[in-house]
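Data block below; observations after.
The values are calculated or read from the model by the stated rules, or taken from the named source; none is laboratory data. Bear in mind the structure is a predicted one, so any value in this text is a computation, not a measurement. Cβ placement follows ideal geometry from the backbone for every residue including glycine, while neighbour counts extend to all protein chains displayed.
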Amino acid sequence: MFKKSLRSFVILTSAFIFPAATWAAGVEVSGFGGALTMDGGVGTHPTYGGSAAVLLGDNVHVFGEFSMSNLLSEQVSSGSVTATGTAKLANYGGGVDYSFGSSSSRFRPYVLAGVGVGHFYATGSGDGASVSLGITNQFYEAVGGGVRMYLGKQWGLKPEVRYQHYNSSNSSLIGGAIAGSSAVQYTVGVFYQFGH
C-alpha cells in the first residue's frame, strides 16, 4: 500500500513539476535601481523596482514591471509639533523589448516600448495623526533601450535608459507639477533567465 501511494505521489508531483519547469524555461526576472529625472520642477530622485518577462523566441521579450520613486520628503517643526510628508510615484506597466545579435552573444543591446499607469500619492503625519492621499493616476508611454551583459550563462547586468511621458491634465497638488510631464529613468538591473 505504501509503495503504491508513494508511486502515485511521485507521478502526481511530476505532472505538476515538469510543466512548471517547461513554462519557467522561457522566463526572465530582474531587479533594478537607479534614478528618475522628471521635469516640471520635480528634479532627480532614486528609483527601484522589478520586472518579469516571457521570452518569445531569441529576440523578443514581453514584460511586466513595477517601480517606485520617492519624489519629495519634507519635515516641518513648529514648537512641540513636528509634521512629516512624502510624495511618491508608483509605476505599473509593461511592454516589449527587441534584442539584437545572436542569442549566444554575451552583449545583447535592445530597444523597448511600453505603456503603464503612474500612481502619484502622498503621505503625511504629525501630532499623532497620519494621512495617505492618492493624488492622481496618469497613463504613460515609454521608449528606451539598454544592453543585457551576460556574466554567466543565465544571469547578468542590464543597464537601461528610457523616456516616459505622463498624459494628464490633472492640476491638483503635486499632480499639477507632473501632469503632462516627461521623465528620464536610468537604471542598472540584475537579471536571471530560467532554462537559458
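Can you tell me which residues in the range 164-196 are at pLDDT below 85 and not aliphatic (A, V, I, L, M)? Even if it seems obvious, please write down each step before you answer.
Taking the range 164-196 and keeping what is at pLDDT below 85, we get 167-181, 195-196.
Listed by number, the residues that qualify are Asn167, Ser168, Ser169, Asn170, Ser171, Ser172, Gly175, Gly176, Gly180, Ser181, Gly195, His196.
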Could you tell me whether Gly50 is in contact with a Ser or Thr (Cβ under 7 Å, 6 or more places away or on another chain) and either part of a strand (DSSP E or B) or in contact (Cβ under 8 Å) with a residue 12 or more places away in the chain (or both)?
yes
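Okay, residues lined up against (1) under 22 Å from Val60 (Cβ atoms); (2) within 20 Å of the chain's Cα centre (by Cα); (3) assigned to a loop (DSSP other than H, G, I, E, B); (4) among the small types (Gly, Ala, Ser):
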position: Asp97; (1), (2), (3), (4): yes, yes, no, no
position: Phe120; (1), (2), (3), (4): no, yes, no, no
position: Ser125; (1), (2), (3), (4): no, no, no, yes
position: Gln138; (1), (2), (3), (4): no, yes, no, no
position: Gly145; (1), (2), (3), (4): yes, yes, no, yes
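Among the residues of the range 99-118, which ones are among the charged types (D, E, K, R) and assigned to a loop (DSSP other than H, G, I, E, B)? So that I can check it myself, show each step before the final result.
Pass one, the range 99-118, residues among the charged types (D, E, K, R): 106, 108.
Answer for the range 99-118, where residues must be among the charged types (D, E, K, R) and assigned to a loop (DSSP other than H, G, I, E, B): just Arg106.
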What tally of residues in the range 26-80 results from selecting those that are surrounded by 13 or more Cβ atoms within 10 Å (Cβ to Cβ) and out of contact with any strand residue (DSSP E or B) (no Cβ under 7 Å at 6 or more places or on another chain)?
1
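From the list Ala87, Ala122, pick out the single residue that is out of contact with any Gly (no Cβ under 9 Å at 6 or more places or on another chain), of a type in the set (A, V, I, L, M, F, W, C) and over 20 Å from Gly26 (Cα atoms).
Details: Ala122 fails: out of contact with any Gly (no Cβ under 9 Å at 6 or more places or on another chain).
Matching residue, one of Ala87, Ala122: Ala87.
I'd like to verify a number: residues in the range 79-97 that are of a type in the set (Ser, Thr, Tyr) and under 28 Å from Asn137 (Cα atoms), how many?
Of all residues in the range 79-97, those of a type in the set (Ser, Thr, Tyr) come to 80, 82, 84, 86, 92.
Now drop any that are not under 28 Å from Asn137 (Cα atoms), which leaves 84, 86, 92.
The qualifying residues number 3.
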What do you reckon, is Ala87 at pLDDT below 90, among the aliphatic types (A, V, I, L, M) and crowded, with 16+ Cβ neighbours inside 10 Å?
yes
